[in-house]
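The values are calculated or read from the model by the stated rules, or taken from the named source; none is laboratory data. Since we're looking at a predicted model, the values are computed, not measured. Neighbour counts are summed over all protein chains in view; Cβ atoms, including those assigned to glycine, are modelled from backbone coordinates with ideal geometry.
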């Protein structure tokens, strides 16, 4: 099984340690991982702005880059959803579209559904709050959303529960959006920041020392507010916890 | 009363600048969402009900012409007069003509978003007819001379102290009173006189049943019943999408509607109107006003399934923090942002962007409208129509050009990281909207790609 590591553009540029943690984690599991150097971005910024014409060449490039791999694994729910759910309108004509769009997986779901991981060699003796990123939650169904009434499950908490010493805190609003939303963060700056502050306050009232999540984009927005306001909350990507690269 | 044309971010920013009020508004609506969760969780078959409702609506909308005619035949057989209106103005004219024929000067109206959509009140008032909204929330916003801010809770944006002042001014209640029980009782007494004086009653319609020709109106206050039983004329106004095929379908929708709206098992009153009372008249006005056009839009027709429960508003994190008036359309929140561009894309182009696409609205919707996907699809329509801000359009074209080439991407990334190393005073300039309330992440010395290229051999 050959895995293509898909690192979102802003993670590549701004959070290389998260990409390294993802790579480390997959290698710890003795998986054959390759990072194709031709990769750029999934095209989501244009897609979410409604510029599907501009997504098209970027999606074509993505499919060409990743089609040789059995699985494409990405430490982001949002970017994974872009490839899986939103390429059909712009890139279904491409050779390799079916393969790439069905084989692109978010890191946690890959570990749970494909690798069927049973144990994780990491420990984190802290109270941790999980920020549920919306696209992972409601587009990829990594967990049951609070609106739905079917049987509860969560692939992400399932993984976190394997980390030694971790204590997951109970949030008041367990899956409310953080307000990032891509260009929304700029276009609706006032609401975006208010939503972020409310998420942070929820984590603080729940006694979290660390906030984690599957999407660095939500966490970038939240951490930006936390840093500015000096809130006592450390923000880490889930890959860093699972790979044991933070202490 | 006129609204329309809006730039959501501006009005939203104004709303959210009052932190205390925003928190209060957010909490009030979240409370309703939590009540909905509890009520929905009490039914093990909840998701099955949603599926069934979505299918019935899809079927009804796909066979709308037949069901509308079946409804007309059966309603006429019951002595109901049916009117057809292509536009909001036609609807208003029909209602006015009925009232004029009977020399009606005062009419009571229960909640109807359709009449809000058509601006019936100002139309009638201009022609000398007094309209009294009898739903308590509607009455409050009518007295305040503003549109409702929510389709189920029209005055959710108003605090009880403000209602106290309003009622003191209009009904002579005690100054400074804010006890909800006292204020409600006062409004009730005041409205009772209006009910008795009214010469006609107007209602909306929640469901129109094709096989029986009857209409169902759901209220919590019984005001639709009082307003139709006392006066000799009942005019029910409905959008043509309100049709359901069979009486038995009501069992699905009535169970979903109140649970989704307010967390009640069922609305206090679910009144079935089966024709005029003895010596009275009953009219049903069936209104298109853009609905046929919406039905013809491949990506958007399913939004006509909406049963106006308001659950998407209660759950929407943006609605809760920006208030209904920030949308500048008769129906706010996610469903309003999907419906408004169908009426006027240019005027409402900011609404599809007033969302993080979090998808909570889609998951809460009792008839499973894929709201956040429709919002995204409307963004594409905004772009196609050339209505996206030119700066943004250019930025997207440029970004696309950069991302098509690994070399250009690498260079752009490097430049961006360099720029982020500027001293704070330059970095956090007025053009940096991100940085108004948020810090940027510290720029790392190298990208993952640069690191991987150097260390590739060690990693393979």
State yes or no: is residue B:280 over 24 Å from residue B:35 (Cβ atoms), in the same structural domain as residue B:55 (by TED's automatic domain parsing) and modelled with pLDDT of 95 or more?
yes
Where residues in region A:190-202 are facing another protein chain (nearest Cβ under 7 Å) and in contact with a helix residue (DSSP H, G or I) (Cβ under 6 Å, 6 or more places away or on another chain), which of them is farthest from residue A:127 (Cα to Cα)?
A:190
Unique residue being in the same structural domain as residue B:196 (by TED's automatic domain parsing) and either touching a strand residue (DSSP E or B) at 6+ places or on another chain (Cβ under 9 Å) or surrounded by fewer than 17 Cβ atoms within 10 Å (Cβ to Cβ) (or both) when the list is B:50, B:73, B:21
B:73
Return yes when residue B:444 is surrounded by fewer than 18 Cβ atoms within 10 Å (Cβ to Cβ), over 42 Å from the mean Cα position of the chain (by Cα) and facing chain A (nearest Cβ under 9 Å) and no when it is not.
yes
Given the conditions (1) farther than 24 Å from residue A:43 by Cβ; (2) exposed (fewer than 13 other Cβ atoms within 10 Å of the Cβ); (3) under 45 Å from the mean Cα position of the chain (by Cα), and given that residue B:419 satisfies all but one, which numbered condition is not satisfied?
(1)
Taking helices (runs of 4 or more DSSP H) that do not extend beyond region B:316-410, which have at least 2 residues that are out of contact with any strand residue (DSSP E or B) (no Cβ under 8 Å at 6 or more places or on another chain), within 30 Å of residue B:48 (Cα to Cα) and within 7 Å of chain A (Cβ to nearest Cβ)?
B:317-322, B:360-364
For residue B:271, all conditions in the list (1) closer than 26 Å to residue B:221 by Cα; (2) part of a loop (DSSP other than H, G, I, E, B); (3) touching a helix residue (DSSP H, G or I) at 6+ places or on another chain (Cβ under 7 Å) hold save one; what is the number of the exception?
(2)
Which residue is nearest to residue B:383 (Cα to Cα), if the candidates are limited to region A:43-77 and must be facing chain B (nearest Cβ under 9 Å) and within 16 Å of the chain's Cα centre (by Cα)?
A:45
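For residue B:51, indicate whether it is within 14 Å of another protein chain (Cβ to nearest Cβ) and either in a helix (DSSP H, G or I) or touching a residue at least 40 places away in the same chain (Cβ under 8 Å) (or both).
Working: within 14 Å of another protein chain (Cβ to nearest Cβ): yes; either in a helix (DSSP H, G or I) or touching a residue at least 40 places away in the same chain (Cβ under 8 Å) (or both): yes.
So residue B:51 fits the description; yes.
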Looking at B:428, B:409, B:452, can you tell me which residue is surrounded by 12 or more Cβ atoms within 10 Å (Cβ to Cβ), within 24 Å of residue A:190 (Cβ to Cβ) and over 33 Å from the mean Cα position of the chain (by Cα)?
B:428
Quick one: count up the residues across region B:411-437 that are outside any helix (DSSP H, G or I) and in contact (Cβ under 8 Å) with a residue 24 or more places away in the chain.
0
Can you tell me how many residues within region A:105-128 are closer than 18 Å to residue A:163 by Cα and touching a residue at least 60 places away in the same chain (Cβ under 8 Å)?
13
Evaluation of residue B:427 against (1) facing chain A (nearest Cβ under 9 Å); (2) at pLDDT below 95; (3) closer than 27 Å to residue A:178 by Cα (one fails), failing number
(1)
Can you work out which of the residues in region A:129-178 that are away from chain B (no Cβ under 14 Å) and touching a residue at least 60 places away in the same chain (Cβ under 8 Å) is nearest to residue A:118 (Cα to Cα)?
A:159
Taking residue A:226 as the residue in question, decide whether it is more than 10 Å from every other protein chain (Cβ to nearest Cβ), at pLDDT 95 or above and part of a helix (DSSP H, G or I).
no
For residues that are facing chain B (nearest Cβ under 8 Å) and closer than 16 Å to residue A:79 by Cα, tally how many sit in region A:19-34.
1
Breaking point among (1) within 12 Å of chain B (Cβ to nearest Cβ); (2) in contact with a helix residue (DSSP H, G or I) (Cβ under 9 Å, 6 or more places away or on another chain); (3) part of a helix (DSSP H, G or I), for residue A:235
(3)
Can you pull out every residue in region A:113-136 that is out of contact with any strand residue (DSSP E or B) (no Cβ under 8 Å at 6 or more places or on another chain) and crowded, with 19+ Cβ neighbours inside 10 Å?
A:120, A:134, A:135
Here are A:80, A:102: which of them is free of Cβ contacts under 8 Å to residues at least 24 places away in the same chain, away from every other protein chain (no Cβ under 11 Å), in contact with a helix residue (DSSP H, G or I) (Cβ under 9 Å, 6 or more places away or on another chain) and closer than 21 Å to residue B:370 by Cβ?
A:102
Have a look at B:347, B:385, B:354 and point out the one that is under 16 Å from residue A:49 (Cα atoms) and in contact (Cβ under 8 Å) with a residue 60 or more places away in the chain.
B:354
Which count do you get for residues in region B:54-89 that are outside any helix (DSSP H, G or I) and under 18 Å from residue B:300 (Cα atoms)?
1
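Any residue in region B:123-130 that is crowded, with 23+ Cβ neighbours inside 10 Å, closer than 23 Å to residue B:240 by Cα and in contact with a strand residue (DSSP E or B) (Cβ under 7 Å, 6 or more places away or on another chain)?
Checking region B:123-130: not a single residue is crowded, with 23+ Cβ neighbours inside 10 Å, closer than 23 Å to residue B:240 by Cα and in contact with a strand residue (DSSP E or B) (Cβ under 7 Å, 6 or more places away or on another chain).
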If you take the residues of region B:254-268 that are in a loop (DSSP other than H, G, I, E, B) and touching a helix residue (DSSP H, G or I) at 6+ places or on another chain (Cβ under 6 Å), which of them is nearest to residue B:97 (Cα to Cα)?
B:267
Checked region A:189-223 for anything farther than 20 Å from residue A:172 by Cα and without any contact (Cβ under 8 Å) to a residue 12 or more places away in the chain; matches are A:189, A:190
In this structure, is residue B:143 over 24 Å from residue B:310 (Cα atoms) and more than 18 Å from the chain's Cα centre (by Cα)?
no
